[in-house]
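Engineer: This structure is in structure tokens; I'll ask about it shortly.
The values are calculated or read from the model by the stated rules, or taken from the named source; none is laboratory data. What you see is a predicted model; the values in this text were computed from it and never measured. Positions of Cβ are backbone-derived with ideal geometry, glycine not excepted, and every protein chain shown enters the neighbour counts. These accessible areas exclude ligands, DNA and RNA; they are computed on the full protein's heavy atoms, side chains included. Shrake-Rupley method; radii C 1.70, N 1.55, O 1.52, S 1.80 Å.
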Amino acid sequence: MTLRHGFTTGTAAAAAAKAAALHLLEGRAPDSVDVPLPMGGRLSVAVLESRGEGDGVLAAVVKDGGDDPDATHRAVIRALVRRGGEGIVLKGGHGVGTVTRPGLPVAVGEAAINPAPREQIRQAVAEAGLDAAEVEIRVDRGEEIALKTFNPRLGIVGGISILGTRGTVKPFSNAAYQATIRQCLDVMQACGVKRPCLTTGGRSERFLRRARPDTPETACVQVADFFFYSMREAGRRGFAAVQWGVFFGKLVKQAQGHRYTHARSADLDLAVLAGWCAECGFPQDVCADVAGGNTALQALQTVAPMPQAPALYALLTDRAAGYAREFSGRGLAVDYLLFDFDGRVLHDTSEAA
């Protein structure tokens, strides 16, 4: 099945701005507008509504994320356009976040409208025929939607970000997730975080912060299955240490050196795990049970009650940390918190050290 592509919040804002500008100049609301995309090409976008407001025109577009699971899908993005001023000046209105921390591509105190969408919006308004205008971007329920994004931990308050370096949304885009990882690490670096805490999802982050109550949310990033990528980016930014919070299955895949640990591209090789169990002194029948199992949970339930389990956890975290350092390209310190599926800490390498 072919997944449907969508368009970014930046493209939605550009389309709303162009629709408002055309209405302001021509006296009628367009049904759709054709806007430029940051990476080249153009896109026709339907206009939800356009009406006068004060001395300007307010137009709206419904953001369409396609088949991508995006918190901003179906968000109503508006642009109020007024004549006058010098050049095309952008402002963030209700529902657009404000940057409060360094490390982002927008300065502290500015509306969270990234550079590529800023240029896209200006170009779209200029195409409509305005070379001097004030453009205010708004987002209905933007503050509420932002709570479902990474904005709160990035220090973007009051609404969503207007984003999009391509202008279109590719469903289930690895590139988009990687951009989020980079941005989180950039903010950590700018805010002086010494040790990023990397987890594979919300549950593992919650368990990590429970085990380390002094860890602020802003020091954490959910890197999903991007083991290699997140370590490489941490190394590039010169961090001296990282803390991983993981479950058993992901740890086994990391210990096997998988750069990307998603099930569709990285099999959980239980035969290899059984061999490591043998190295740690597990009985032969237990090793056979592990090799013949179906899931990580089954393997963990088999080995966890055994006295050899701590040795296995140490072997796995040691191997995973070795790959993490290799992927980072530098000799940074790597610690692991290994959780069972109820959040109990099975192994803590910082304590072992």
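Engineer: For Arg182, only one of the following conditions fails: (1) under 30 Å from Arg4 (Cα atoms); (2) in contact with a Ser or Thr (Cβ under 7 Å, 6 or more places away or on another chain); (3) open to solvent by 50 Å² or more (accessible area, probe 1.4 Å). What is its number?
Structural biologist: It is condition (2) that Arg182 fails.
Engineer: Go through the range 257-300 and give me each residue that's open to solvent by less than 60 Å² (accessible area, probe 1.4 Å) and touching a residue at least 60 places away in the same chain (Cβ under 8 Å).
Structural biologist: Scanning the range 257-300 gives Gly257, Thr261.
Engineer: Does the range 325-336 include one or more residues that are open to solvent by less than 20 Å² (accessible area, probe 1.4 Å), touching an Asp or Glu at 6+ places or on another chain (Cβ under 8 Å) and either among the β-branched types (Val, Ile, Thr) or part of a helix (DSSP H, G or I) (or both)?
Structural biologist: No: the range 325-336 contains no residue that is open to solvent by less than 20 Å² (accessible area, probe 1.4 Å), touching an Asp or Glu at 6+ places or on another chain (Cβ under 8 Å) and either among the β-branched types (Val, Ile, Thr) or part of a helix (DSSP H, G or I) (or both).
Engineer: Now a separate question. Just name the residue that is most open to solvent (accessible area, probe 1.4 Å) out of those in the range 26-41 that are modelled with pLDDT of 95 or more and within 14 Å of Pro117 (Cα to Cα).
Structural biologist: Leu37
Engineer: Moving on. Within the range 119-134, can you find the residues that are on the phi < 0 side of the Ramachandran plot, touching a Leu at 6+ places or on another chain (Cβ under 8 Å) and part of a loop (DSSP other than H, G, I, E, B)?
Structural biologist: Leu130
Engineer: Return the residues of the range 42-71 that are part of a loop (DSSP other than H, G, I, E, B) and surrounded by 13 or more Cβ atoms within 10 Å (Cβ to Cβ); say none if nothing qualifies.
Structural biologist: Val47, Leu48, Lys63, Asp64, Gly65, Gly66, Asp67, Asp68, Asp70, Ala71
Listed here are the residues, each with its yes/no results for (1) in contact with a helix residue (DSSP H, G or I) (Cβ under 9 Å, 6 or more places away or on another chain); (2) crowded, with 18+ Cβ neighbours inside 10 Å; (3) free of Cβ contacts under 8 Å to residues at least 12 places away in the same chain.
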| site | (1), (2), (3) |
| --- | --- |
| Glu143 | no, no, no |
| Ile156 | yes, yes, no |
| Gly159 | yes, yes, no |
| Gly164 | yes, yes, no |
| Gly192 | no, no, yes |
| Thr199 | yes, yes, no |
| Glu205 | yes, yes, no |
| Glu217 | yes, no, no |
| Phe226 | yes, yes, no |
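Engineer: Also: Can you name every residue in the range 160-213 that is at positive phi and more than 16 Å from the chain's Cα centre (by Cα)?
Structural biologist: Those that are at positive phi and more than 16 Å from the chain's Cα centre (by Cα): Gly167, Gly192.
Engineer: Have a look at Glu86, Glu136, Glu110, Glu143 and point out the one that is acidic (Asp, Glu) and under 25 Å from Ser44 (Cβ atoms).
Structural biologist: Only one candidate qualifies: Glu136.
Engineer: Under 6 Å between Cβ atoms, at least 6 apart or on separate chains: pull out the pairs that start in the range 122-139 with a residue that is free of Cβ contacts under 8 Å to residues at least 60 places away in the same chain and over 9 Å from Ala79 (Cα atoms) and end on any residue that is crowded, with 17+ Cβ neighbours inside 10 Å and among the aliphatic types (A, V, I, L, M).
Structural biologist: So the pair list comes out as Arg122/Ile88.
Engineer: Does Arg74 meet the test of being under 20 Å from the mean Cα position of the chain (by Cα), among the basic types (Lys, Arg) and open to solvent by 40 Å² or more (accessible area, probe 1.4 Å)?
Structural biologist: Here the answer is yes, as Arg74 does meet what is asked.
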